[in-house]
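Heads up, the thing below is written out as structure tokens.
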Amino acid sequence: MLTRRKLAQALSLPLTLAVALLAFTSLKDARAVSKEVIASPSPGGSMPQLTREGGASAGAISKVALATVDKGIVVTAVRDDGGDLKLIAWQVSGNTQGDLAGAQHILRKGDASGGAISKVALAKVGQGLVVTAVRAGSGDLKLIAWSVSNDGAQIKRTGDASAGPVSEVTIVSLDAYQFVTAVRDGGGDLKLVAWHITADGKKFVRLGEASAGAVSEVSVAPTGCFDYNYCHEDMVTAVRDGSGNLKLIAWSVSKDGLQIERKGDGSAGAISKVETAYVTRVSDPGLTNPRAVVVTAVRDGGGNLKLINWYISATFQVERKWDSSAGAISDVAVTMVGTPFATDRVITAVRDGGGNLKLIAWDDGSHQIVKEGEASASAISEIAVDSVWGNYLVTAVRDGNGNLKLIGWKHSGPS
């Protein structure tokens, strides 16, 4: 995703000038829209496209998570056919040597296994280091650290930690070697715990924690930081609350991780699935009124896909802005793709009404959520998606035969 610091680095500009450029493209005085909006091609140009590229498969699975570890290296964490945790590293590239940006070639590399699990989430937490957050066979939360070699050929288990009973689990990295688990605890409530892990992956340190009310679905995303003297990253949780409705909660996390403070809330209607993505940071002219932009992708009360755009202000006020809908779905995942020279795009990967994989690209940058393009694949029952590099992404799914399948995709902007 395009942040102020990434823009500065990509264009070799001072950070202050990069901030000004982003402020120039500020989203201001937006009005909510509820209808689906379809992009139009530029005069003489073509519509943005999602193109299917390479693929690869592995054995039978029942759960899947996915994370990009380095440029061209992704890791899947699955519940295998024996009910155990299994990690596999994959090289995603534009040629068989793995030295070209692209997604035409997906090559299986190293793997490693853990014990019995029923839920799995995955995040990169440091250089060559990932953490799986799982619901172990005992029903408790278990964290396992894994080192991944630069070429993905080796995955080694380095350390682990445990906490109490959970029924849903997610994880988000806030800074190098600091992350937060957001879970549905043994009482059915939302619980957040901050953790630090040593650079060698051998030791977990439990830090601050916070709780909220009853939930049945949980997702979490970082939102940047408004005060870098206090924090590395703040975050937002998007949940299905005790009434079955969507609720967003903005949280402030201290730099040392010892304090997690609930700040602001926002609500919407009935949902049954929810995923969240951080889009960008915007300001008004003069760098005033800074706010984080996040998108929730949900299965709404009618069983359809709905995207909702939210602003989170520097004072943690959560404001619903605009939304857009698509057809019937039963599951959803979301990520961001783009280049430093174009507005990043929201990509939803869904199991559509026919049980097939469908990807949809959305532009969230013009006071509305604009549907740009889509692509489909065959039958699936589990989905994960992540950007790999630039405008390339990978989906990891449980296919119609119950096996793990990875598919590479390219997002092409309008000509």
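Some notes on this structure:
- Centroid-to-centroid separation of the stretch 143-212 and the stretch 398-413 [C-alpha atoms, Å]: 27 Å
- Checking the Cα-Cα distances for K202/K247; K71/K358; K191/K358 against a 28 Å cut-off, the pairs over it are K202/K247; K191/K358.
- Prolate/oblate/rounded label for the stretch 186-265 (Cα gyration tensor, a/c 1.5): oblate
- Among the listed values (1) 85, 22, 15; (2) 29, 26, 22; (3) 48, 27, 21, the one computed from these coordinates for semi-axes √(5λ) of the Cα gyration tensor in Å is (2).
- Label-to-label distance, nm, for residues given as S149 and N304 (7 Å Cα→Cβ offset): 5.1 nm
- Under the convention that each Lys and Arg Cβ holds +1 and each Asp and Glu Cβ holds -1, the size of the dipole of the stretch 82-146 around its Cα centre is about 120 debye.
- Per-residue ellipticity at 222 nm computed for the chain from its helices equals -1000 deg cm²/dmol, with DSSP H segments shorter than 4 residues left out and the rest contributing -39,500 (n - 2.57).
- If R0 is 30 Å, the Cβ-Cβ spacing of T343 and A176 corresponds to a FRET efficiency of close to 0.65.
- For the stretch 267-334, a crude dipole built from +1 on the beta carbon of Lys and Arg and -1 on the beta carbon of Asp and Glu, taken about the Cα centre, is about 40 debye to the nearest 20.
- For the stretch 158-311: rounded, prolate or oblate by the Cα gyration tensor [a/c cutoff 1.5]: oblate
- Virtual spin-label span in nm between S57 and S313, 7 Å along Cα→Cβ: 5.4 nm
- Computed packing ranks the peptides 388-399, 183-194, 108-119 as 388-399, 183-194, 108-119, most packed first, by mean other Cβ atoms within 10 Å.
- Applying 1/(1 + (r/R0)^6) with r as the Cβ-Cβ distance of S216 and S162 and R0 = 30 angstrom yields a FRET efficiency of 0.80.
- Under a model in which nothing but the beta-carbon of Lys, Arg (+1) and Asp, Glu (-1) is charged, the chain shows a dipole of about 140 debye around its Cα centre.
- Reachable aspartates and glutamates, given that their alpha-carbon falls under 14 Å from the alpha-carbon of K109 and they are not under 8 places away in the same chain: D70, D151
- The chain: most fluctuating residue of K371, K273, K202 per GNM, C-alpha cutoff 10 Å: K202
- Computed E for A270/D111 - FRET, C-beta separation, R0 56 angstrom, nearest 0.05: 0.90
- For the stretch 77-145: rounded, prolate or oblate by the Cα gyration tensor [a/c cutoff 1.5]: prolate
- Placing a label point 7 Å from the Cα of T198 along the Cα-to-Cβ direction, the residues of the stretch 121-159 whose backbone N falls under 15 Å of that point are 145-147, 158-159.
- Fully extending the segment from T96 to N401, taken as 0.36 nm per residue of separation minus the present Cα-Cα distance, adds 107.1 nm.
- For the stretch 45-93 and the stretch 331-383, distance of Cα centres in Å: 16 Å
- Taking 20 Å as the cut-off, the amide N atoms of the stretch 54-74 that come nearer than this to a point 7 Å along the Cα-to-beta-carbon line of Q104 belong to 54-57, 71-74.
- Ranked S376, S219, criterion: other C-beta atoms within 10 Å, fewest first: S376, S219
- Net charge of the neighbourhood of V253, taken over other residues with C-beta under 10 Å away and scored Lys/Arg +1, Asp/Glu -1, is -4.
None of the figures in this text is laboratory data; all of them are computed from the coordinates on show. These numbers were taken from a predicted model, which means no experiment stands behind them. Positions of Cβ are backbone-derived with ideal geometry, glycine not excepted, and every protein chain shown enters the neighbour counts.
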